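Working notes for the structure below.
The values are calculated or read from the model by the stated rules, or taken from the named source; none is laboratory data. The shown structure was predicted, so the numbers you read here are calculated from the model rather than taken from an experiment. Ideal geometry is used to build each Cβ from the backbone, glycine not excepted, and the neighbour counts take in all protein chains shown. Quick note on the areas: whole protein, heavy atoms, side chains included, nothing else; ligands and nucleic acids left out. Shrake-Rupley method; radii C 1.70, N 1.55, O 1.52, S 1.80 Å.
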Amino acid sequence: MPTKTILGTNAIILMFGSVGLAQRDFSGVTIKTTHVAGNIYMLEGSGGNIGVSAGEDGILIVDDQFAPLADKIRAALAEINKGDLQFVLNTHWHGDHVGGNVEFGREASIIAHTNVRTRLSTVQKLFDRTVEPQPKHGLPVITFDDALSIHFNGEEIHLLHFPHGHTDGDCIVFFKKSNVIHMGDHHFAGMYPFVDLDHGGDVVGMARNVKAVIDKAPPDVKIIPGHGPLSTLDDLKNYHRMLTDTTAFVRKRMDEGKTVEQIKAEGLPSEWDAWGKGFIKPGKWIDTIYKSLTEPK
Ligand SMILES: [Zn+2]
């Protein structure tokens with residue numbers, strides 16, 4: 001993602017909310033297509049990475065970035081496969097993953113966890129900003145609570161809900177034959193993640209969910225993260241170690257009676273310095289862990 005969008009709170013709002021899109025210029029964004037494995041591709045533009053299944057049944061996408069990018073995304077999909085877009089899966093409700101729903105919902109069926117539809121149907125607050133509900137055609141038409149399978153392009157595409165990780169409505173998508181996993185925002189590759197504590201997210205829950213994926217993933221699986229580059233199982237294991245390591249670090253100091261300001265002054269172990277160069281800086285990550293460990297569940 002461009003460095004310019006990752007610097008401040010304002011930029012974070014632009015990343016995740018629909019507020020401010022009118023002022024945001026998407027004209028310079030290009031969509032980069034990467035073949036991942038089997039039927040699966042990854043599209044990078046602005047916002048969450050898009051997973052694509054393309055084959056004889058047509059096209060299915062996982063997340064859809066921002067509405068102003070819809071034509072560019074359509075053009076990138078047409079380069080892969082001339083078939084029709086049949087399904088759009090939403091990994092969670094954040095605007096940088098579902099912003100294109102208003103466009104693609106007119107031509108395809110949107111599928112998501114029940115809580116995603118609930119949040120997209122009602123006014124939400126994110127970073128003290130108001131996120132307006134989606135119009136009817138931008139809402140998921142098929143919802144599920146625990147798991148759902150789509151049999152498409154010669155394989156089972158399995159959506160599994162993981163509770164209280166990044167939000168309270170995340171699913172992770174397993175392309176079983178192609179051996180690809182789309183993690184949604186349970187995985188920020190090589191950077192501290194955003195955990196949406198105000199909408200059911202939980203730092204410990206995120207680590208638990210990531211571990212559950214690691215335990216069931218084949219060793220040669222390809223991982224599409226919500227943000228960051230295409231990853232391997234080793235990358236995901238390292239990310240999990242960062243989550244548990246930094247959480248244990250903060251917890252230990254909390255147990256010693258340190259305030260969040262004291263923990264921030266000390267800083268996280270230098271091993272993780274490179275992870276603080278994304279849009280969640282080290283101080284914000286410490287705040288998130290501290291708050292997540294403090295707040296009653
Ligand atoms: Zn998100």
Using θ = phi - 60° and Karplus 6.51 cos²θ - 1.76 cosθ + 1.60, couplings along the range 118-126 (whole Hz; Gly, Pro as x): 4, 5, 6, 8, 10, 5, 10, 10, 9
Globularity ratio of the chain, using Cα Rg and 2.2 N^0.38 Å: 0.96
Residues with amide H under 5 Å from that of G100, placed H, sequence gap 5 or more: D64, Q65, F66, A67
Filtered GluC sites (Glu not before Pro), the range 243-297: DSSP coil and at most 16 other beta carbons within 10 Å: E256
Label-point separation in nm, S121 to L293, each point 7 Å along Cα→Cβ: 3.8
The range 105-188: GluC sites (Glu not before Pro) in DSSP coil with no more than 16 other Cβ atoms inside 10 Å: E107
Hull-based mean projected area of the range 173-297, where the convex hull spans the alpha carbons, in square nanometres: 7.7
Cα-Cα over 24 Å, subset of K72/K216; K211/K291; K176/K284; K125/K281: K72/K216; K176/K284
Residue-wise HN-Hα coupling along the range 48-63, computed from phi with Karplus coefficients 6.51, -1.76, 1.60 (Hz; x: Gly, Pro): x, 4, 9, x, 10, 9, 10, x, 5, 8, x, 10, 10, 10, 10, 6
Solvent-accessible area, 1.4 Å probe, carbon plus sulfur percent, for the chain: 51
Proximal aspartates and glutamates to K237, defined as alpha-carbon separation beneath 17 angstrom and excluding residues fewer than eight positions away on the same chain: D185, D215, D220, D245, E271
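If you stretched the chain out fully between D220 and A37, how much longer would it get, using 0.36 nm times the residue separation minus the C-alpha to C-alpha distance?
In short, 64.8 nm is gained.
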Label point distance in nm, D25-E266, each placed 7 Å from Cα along Cα→Cβ: 4.6
From phi via Karplus (6.51, -1.76, 1.60), per-residue ³J(HN,Hα) for the range 64-71 in Hz, x at Gly/Pro: 9, 6, 10, 3, x, 8, 4, 5
Euclidean distance of C-alpha centroids, the range 156-197 and the range 249-297, integer Å: 23
